[in-house]
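Written out below as structure tokens is the structure these notes cover.
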Amino acid sequence: MHVHPLITDSATLANLCARLSDAPFVTVDTEFMRESTYYPELCLIQIADTEEAAAIDPMAPGLDLSPLLALLTDNEDVLKVFHAGGQDIEIIYNLTGKTPHPLFDTQVAAMALGQGEQIGYSNLVDSWLGIQVDKGARFTDWARRPLDARQIEYAIGDVTHLSAIFPKMLERLKKTGRGAWLDQEMERLADPANYANDPDLAWKRVRVASRKADVLGRLKAIARWRELEAQAKDLPRGRIVKDETIADLAGHPPRKQADLAKVRGLSQTWASNDIGARLIAAIEGARPLSDDELPPRDDRKPGLGREGALVADLLKLLLKIRARDIDVAPRLLARGEELEALAAGQRKGLQILEGWRYDQFGHDALELVEGRLGFAVQGGKLKMTRTEGVAA
């Protein structure tokens, strides 16, 4: 494989993207810094196919990234391959308002091949290629220039190794017939809604014990205010106000700005400065959540009392057994909230009762809930067994 020198000019990048636009797939990775900013600071982009690879310096003066971004978001003929690509996709979304499509995530694919729920990149490379990745440059300051040869070599390796792994992984998926299992997961990853930081939804990320409509209404207003402040200042949310302080303000709102001096987690200067005034305005403008906006109760689904919780536990046990038997990560088959919904009597709108998930797990889950499936120990192993007198 030909590895290009670090690309810092627009003409070289445009030529590279023109060639890659004919490739069946490209592997993509980014290096970024986000410890002190709201938006990730893009520091390096790596891309490869089976013949060439390059690192691109987005911080180079005058570099036009549009050919690369068009390749990633507009070219439907080229599959974009990532490993644990959520943050890489978020960066591309922030730049374009679009996500790479079509895409393939090797961490998700590894779940279908029995390699656990969140296999790391180094372990993936070791298991598929027998190569030990040098992690020495992993925690480097990618924003500092110039980048040294070791940093660039490390970064390029992320996409060159992935370009060797992906065809092998694809072949194994075809042999096992599990490639189709991943289509829904990859489309979910590509959904732009996952990467849009909507200030009106920011409250859902903050843990608060109360379900009172007025408390949650204040929480929504304060979280929205914080999100907008963080975006405008390009600072992490926690640098504006921490989650626990937001929860405290929602539950025990100050009556006037001067009271902010008494709030733990806020500086006394908030009692008189502009940001404190904007916070008080947000609190005063808060309205109770409507019934439609209120989150479900702790039991999450109607009818999931003690007995339902026991049934949900049995479903989780069944999930572990089934995942072990077919050698996939349990989370690919089902998520906990779906098992609880099934235990509570819900039957519509559950992924485990559709398509391949129904064939591999959902059918047995229904059998268990409806009393036609049980557990037995055979040969020292816990297995599923049909109840007596009921046809399989």
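Here, each number is a calculation from the coordinates, and none is a lab measurement. Keep in mind the model is a prediction, meaning the values are calculated, not measured. So basically every Cβ, Gly included, is an ideal-geometry build from the backbone, and we count neighbours across all protein chains shown.
In terms of other Cβ atoms within 10 Å, Thr385, Thr73, Thr37 run from fewest to most in the order Thr385, Thr37, Thr73.
Reducing the range 306-380 and the range 100-143 to their Cα centroids gives an inter-centroid distance of 29 Å.
Its relative contact order, with pairs defined as Cα atoms under 8 Å and 6+ residues apart, puts the range 199-284 at 27 percent.
Spatially, the range 57-76 and the range 238-263 are offset by 42 Å when compared through their Cα centroids.
Between Leu317 and Asp359, the contour length at 0.36 nm per residue exceeds the alpha carbon distance by 13.4 nm.
Taking Cβ atoms as reference points and 12 Å as the exclusive limit, the residues near Arg172 contribute a net charge of +2, counting Lys and Arg as +1 and Asp and Glu as -1. What the Cβ-Cβ distance of Met384 and Arg138 gives, at R0 = 45 Å and to the nearest 0.05, is a FRET efficiency of 0.55. Rounded to the nearest 0.05, the FRET efficiency derived from the C-beta distance between Asp259 and Glu293 at R0 = 35 Å is 0.80. Among the GluC sites (Glu not before Pro) found in the range 38-84, those both in a DSSP coil and sparsely packed, with 15 or fewer other Cβ atoms within 10 Å of their Cβ, are Glu51, Glu76. Considered as an equivalent ellipsoid built on the Cα gyration tensor, the chain has semi-axes of 38, 38, 17 Å, the largest given first.
So which trypsin sites (Lys or Arg not before Pro) in the range 178-251 are both in a DSSP loop and have at most 13 other Cβ atoms within 10 Å of their Cβ? Let's see the in-between values first.
Values: sites: Arg178, Arg188, Lys204, Arg205, Arg207, Arg211, Lys212, Arg218, Lys220, Arg224, Arg226, Lys233, Arg237, Arg239, Lys242; in loops: Arg178, Arg207, Arg211, Lys212, Lys242.
Passing both the DSSP loop test and the Cβ count: Arg207, Arg211.
Zone of Thr37 (label point 7 Å along Cα→Cβ, backbone N under 15 Å): which residues in the range 126-154? Answer for this model: 141-145. Under 5 Å from the amide H of Glu52 lie the amide H atoms of His2, each residue being 5 or more positions distant or on a separate chain, with H modelled from the backbone and absent for Pro and chain starts.
As a proxy for reagent exposure, ranking Asp77, Asp327, Asp292, Asp248 by other Cβ atoms within 10 Å from fewest up yields Asp292, Asp77, Asp327, Asp248. In loop segments of the range 274-382 as defined by DSSP, the trypsin sites (Lys or Arg not before Pro) with at most 12 further C-beta atoms inside 10 Å of their C-beta are Arg297, Arg347, Lys348.
First measure r as the distance between the Cβ atoms of Arg347 and Ala14, then evaluate 1/(1 + (r/R0)^6) with R0 = 35 Å and state the FRET efficiency to the nearest 0.05.
Working: r = 53 Å, r/R0 = 1.53.
E between Arg347 and Ala14, to the nearest 0.05, is 0.05.
Within the set Lys168/Lys320; Lys204/Lys316; Lys80/Lys316; Lys98/Lys220; Lys175/Lys320, which residue pairs have Cα atoms separated by over 29 Å? Among Lys168/Lys320; Lys204/Lys316; Lys80/Lys316; Lys98/Lys220; Lys175/Lys320, the Cα-Cα distance tops 29 Å for Lys80/Lys316.
Taking one quarter of the surface of the convex hull spanned by the alpha-carbon atoms of the range 2-194 gives a direction-averaged projected area of 10.7 nm². Comparing Cα centroids, the range 145-161 and the range 1-32 end up 14 angstrom apart.
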